[in-house]
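Accompanying notes for the structure given below.
The values are calculated or read from the model by the stated rules, or taken from the named source; none is laboratory data. This one's a predicted model, so the numbers in the text were calculated from it and none came from an experiment. Glycine gets a Cβ as well: all are built from the backbone with ideal geometry, and neighbour counts include every protein chain shown.
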Amino acid sequence: MASINHLYEEIIIKILSWLPVLSLLKCKSVCKLWKSIISDPHFIQAHLTISHNKPAPFSLLRVVSGGTLRDFFIDTRGENSKKLTLPEYMSGMLFYVRSCNGLVTLANMNVGVLYIWNPLTRLFKLLPKPKRNPLCFFDLGFANNLGFGFDSVSYDYKILRVVFGGFACGVDEVFVVVVELYSVNADCWREIEVPEEMQGFKCYRFSRCVCVGGGVLYFEGMDGIMSFDLHDEVFGLCRYPDEGERMSDVLEFDGSVAVIFKSGRRGSVYSLWKLDGDGGNFSWTKMFKIEPDVKIDYVLLYLGDGQFFAKNYGVGYFFYDIRKNGDKKFPPLACPIRECMSAIQFTGSLVSLEGFERRE
């Protein structure tokens, strides 16, 4: 009898591990056994692994602007859209939105207030304030950037805050890069020494950062990409290839980093270039050309399985599948009223961190 019960439980675990997160949250109320299974850390990790290994592991987490600045949408290939309303106490925290393993970072403009939030389970953690306040010492202006990723060696979620700023030193103007690292395990910030060769790196405010390769962050800059290994705490720098106009954010592409450039007559041909190597040993490889049958002005994300999230300035935002070029195109996303502020790759999960709480 015990073996039959064990077999029954194994079957239930296998079935549950393939369900989406919102379905699992409903299943927790079925019975005590199911609630125990779904709440188990080993099950949560197994469910996350299965989600990542699916052919198209990513959905789109889209932030829209409005009077309250509180709306998220999770879109699945333009077919399904679920609205998530940001809790009142997080209102205005829609800057530097990053995602890793179903967790999302939310911050205010100056990154003085920072949350880690699971939008599906509605659990969150308010993080301690960073040690540095750029308003106090960058009198010539500054730009924040955030990277969020998982250090698979230390089994630790980490946030890298990068501040690019300038200050007056006598008659001279000095521009520097200041970096702080937050560890969930340690629950504190500490300053990271920035190598001299990184001090010239420049980026736009709110520019993209992606995390790939088990814990390496890649920051999008004006002239190239800056990398940071979350475990070894080593920086790297690589210039963009000389291939025309950049037409995409830095993309997470099949476990690597990629960028799309526009070339050809009237800029009608897009080429995707993948970044290989790490640290100080980078190189670019041209992967393929994209000759779309619709006008694409900019590519924001690669969602896996040949599908991109792009923008046409006249039409709006839409999904585009390079495998169905000239055949079936995904319809534009419905944004009839509010502009899309930002969009990120998102894989839903049950992941919870120490210190998480719920407050509606």
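Within region 9-53, the set of residues being touching a Ser or Thr at 6+ places or on another chain (Cβ under 9 Å), exposed (fewer than 14 other Cβ atoms within 10 Å of the Cβ) and among the basic types (Lys, Arg) comprises just one member, Lys35.
One line per residue, one yes/no per condition, for (1) surrounded by fewer than 16 Cβ atoms within 10 Å (Cβ to Cβ); (2) assigned by TED's automatic domain parsing to the domain that holds Ala310; (3) acidic (Asp, Glu):
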| residue | (1), (2), (3) |
| --- | --- |
| Glu220 | no, no, yes |
| Asp223 | yes, no, yes |
| Leu230 | no, no, no |
| Phe235 | no, no, no |
| Met247 | no, yes, no |
| Leu251 | no, yes, no |
| Ser256 | no, yes, no |
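Considering only residues that are among the acidic types (Asp, Glu), at pLDDT 75 or above and more than 22 Å from the chain's Cα centre (by Cα), which ones fall in region 165-209?
Glu191, Glu193, Glu196, Glu197
Yes or no, residue by residue, for (1) at pLDDT 85 or above; (2) within 18 Å of the chain's Cα centre (by Cα):
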| position | (1), (2) |
| --- | --- |
| Gly264 | no, no |
| Val269 | no, no |
| Asp276 | yes, no |
| Gly280 | no, no |
| Met287 | yes, no |
| Ile290 | no, no |
| Asp297 | yes, no |
| Asp305 | no, yes |
| Phe308 | yes, yes |
